[in-house]
Amino acid sequence: MQLRLEKPIVFFDLETTGVAVGSDHIVEICLHKVNPDQTTETQTRRVRPCDAKGRTVHIPEVTTAIHGIADADVAGERSFAEQADEIAAFIGDADLAGYNSNRFDVPMLVEEFLRAGRTFDVAGRRLVDVQNIFHKMEQRTLKAAYRFYCGKSLENAHSADADTLATCEVLMAQLDRYADAEYAAPDGTVSKPVVNDIEALSRFSVLNPWADLCGHIAFDKNHCEVFNFGKYKGMTLESVFAKEPAYYDWMMKADFPLSTKQVLTSVWNRMRDHKLEQLRMHFGSSR
């Protein structure tokens, strides 16, 4: 099928230093333009992330593990500001499309243009978010899952008993449906993970290995607790608390979930105990 177009549309995707639009930066951008005559043009650009003073911004290791782009890969590339005119010229007045683009890619692109001193107006562009179409057409509610897997309508949805029993039925149906289905993980490994084993199902059910329940604290590749938000995003809790102990006090007094505060306290106490052990060893050896 061909797209019926009145003007070009650019499909695009960004790889970035993180997911905070206000503080993270683009490290790679792919632009695929489809013209009304169905001809296409594609550009992929690496971008050296820079702060307001033109200094190179570090790509956190936890982010590199996701998209594979490290500091060395962009060290010789031009900054976004240095490429902004070329990117804007390629996009022109085209409409924009992407996957989760309305929530992330479009705001991030506009942010980078503004940092570069350019206005990138989206008011006159039509924005197509393929993910939103997917989620609206293939709803991920329990009611939709019950119909998809069990072939039945869920009566009395949102009552605890009906929802609970339906959830149990859906899992049984998933075990039948995916008994021999293969799953390709992001690292390329292929497995058949939907098996009648609760431990295996539990592992497969985890989307992100958060240290807390709400995703404020994550684990890095060394299984160390790292901040997943704010100015210290990607930094270990231990390094931040060692440098700025008041940050721990602020978080404990702020409106964070108690489950998050439990993780903070666990790390804080671990650091305290380690320091006390070092002091005991020091004074014990000096006798």
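Listed values, structure above:
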| read-out | value |
| --- | --- |
| Binned Cα-Cα distance frequencies in the chain - 10 Å width, integer % | 5, 18, 23, 26, 19, 7, 2, 0, 0 |
| Binned Cα-Cα distances of region 35-163, short to long, each 5 Å bin given as a whole percent | 2, 8, 13, 15, 15, 12, 10, 7, 7, 6, 5, 1 |
| Stokes-Einstein D in µm²/s, Kirkwood radius over Cα pairs - region 7-105 at 20 °C with 1.002 mPa s viscosity | 150 |
| Percent antiparallel among DSSP beta bridges (both partners in the chain, rounded to 5) | 80 |
| Helix runs (DSSP H) in the chain reaching 27 Å along axis by Cα, Kyte-Doolittle at least -0.5 | none |
| Expected 222 nm ellipticity per residue - DSSP helices of 4 or more, -39500 (n - 2.57), all of the chain, to 500 | -12500 deg cm²/dmol |
| Ser159 versus Lys7: modelled label distance in nm, points set 7 Å from Cα along the beta carbon direction | 5.3 |
| Evaluated over region 169-249, the Cα radius of gyration and Dmax, each in Å | 17.8, 53 |
| Cα-Cα P(r), region 217-285, percent of pairs per 5 Å interval | 3, 15, 25, 26, 14, 8, 5, 3, 1 |
| Top of Lys53, Lys243, Lys221 by mean-square fluctuation, Gaussian network on the chain, Cα under 10 Å | Lys53 |
| Cleavage-rule hits, trypsin sites (Lys or Arg not before Pro), region 126-204, DSSP coil, Cβ neighbours within 10 Å at most 13 | Arg126, Arg140, Lys152 |
| Radius 15 Å from Cβ of Glu155, net charge of other residues (Lys, Arg +1; Asp, Glu -1) | 0 |
| Cα principal axis extents for region 151-287, largest first, Å | 73, 36, 29 |
| Charge dipole magnitude, Cβ of K and R +1, D and E -1 - region 9-134, Cα centre, debye nearest 20 | 200 |
| Using a Förster distance of 22 Å, the FRET efficiency for Phe204-Asp176 (Cβ separation, nearest 0.05) | 0.85 |
| Cα-based convex hull, region 139-205, per residue volume (Å³, whole number) | 99 |
| Proximal lysines relative to Lys253, as straight alpha-carbon distance under 25 Å, when same-chain residues fewer than 8 apart are discounted | Lys231, Lys233, Lys243, Lys261, Lys275 |
| Choice from Ala70, Ala157, Ala81 with maximal GNM fluctuation in the chain (Cα, 10 Å cutoff) | Ala157 |
| Efficiency of FRET from Cβ geometry, Asp273 and Ala89, R₀ 45 Å, rounded to 0.05 | 0.15 |
| R0 of 25 Å, Cβ-Cβ distance Gln43-Ile66: FRET efficiency to nearest 0.05 | 0.65 |
| Mean Cα-pair separation over length for region 139-205, i.e. relative contact order, pairs under 8 Å, 6 or more apart, % | 20 |
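Values quoted throughout were computed directly from the atomic coordinates according to the rules given, and no laboratory measurement underlies them. What you are looking at is a predicted structure, and each value in this text was computed from that prediction instead of being measured. Counting neighbours? That spans all protein chains shown, and the Cβs are built from the backbone with ideal geometry, glycine included.
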